[in-house]
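The values are calculated or read from the model by the stated rules, or taken from the named source; none is laboratory data. Please read all numbers here as calculations on a predicted model, not as lab measurements. We place every Cβ from the backbone using ideal geometry, glycine too, and count neighbours over all the protein chains shown.
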Amino acid sequence: MSRTRFAVTVMATSVAAGAVGCAMGMLFAPASGAEVRRRLAWRARDEYRAMGRSCERVFERAAEQAREELQLGAERVFEKVSKGRAS
């Protein structure tokens, strides 16, 4: 298993365990069923938004890396083409 895949697996397991722990804590807390459901819904929406922001940051970093790699590639091609004309 690659290091990246292992890291993603560990992160996903941690998030899932945290969510289950949070849900169990709320279910066994002294509150009415309606209050527990309201809290769970609020927490789920909050986590959904947090994951969206995290994914957005990852995609932005990936796009920036892709732009840098494309720029470097274009510069290398330009250098090779320029050298070919000079010969």
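Data for the structure
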| read-out | value |
| --- | --- |
| Test result for E35, under 19 Å from the mean Cα position of the chain (by Cα) and not aromatic (F, W, Y) | no |
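Residues are listed down the side, and each one gets a yes or a no for (1) under 27 Å from the mean Cα position of the chain (by Cα); (2) without any contact (Cβ under 8 Å) to a residue 60 or more places away in the chain; (3) closer than 19 Å to A12 by Cβ; (4) in a helix (DSSP H, G or I):
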| position | (1), (2), (3), (4) |
| --- | --- |
| R39 | yes, yes, no, yes |
| R45 | yes, yes, no, yes |
| E56 | yes, yes, yes, yes |
| A66 | yes, yes, no, yes |
| A74 | no, yes, no, yes |
| V81 | no, yes, no, yes |
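One line per residue, one yes/no per condition, for (1) surrounded by fewer than 10 Cβ atoms within 10 Å (Cβ to Cβ); (2) of a type in the set (A, V, I, L, M); (3) modelled with pLDDT under 85:
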site: R3; (1), (2), (3): yes, no, yes
site: V10; (1), (2), (3): no, yes, yes
site: G18; (1), (2), (3): no, no, no
site: L27; (1), (2), (3): no, yes, yes
site: A31; (1), (2), (3): no, yes, yes
site: L70; (1), (2), (3): no, yes, no
site: R85; (1), (2), (3): yes, no, yes
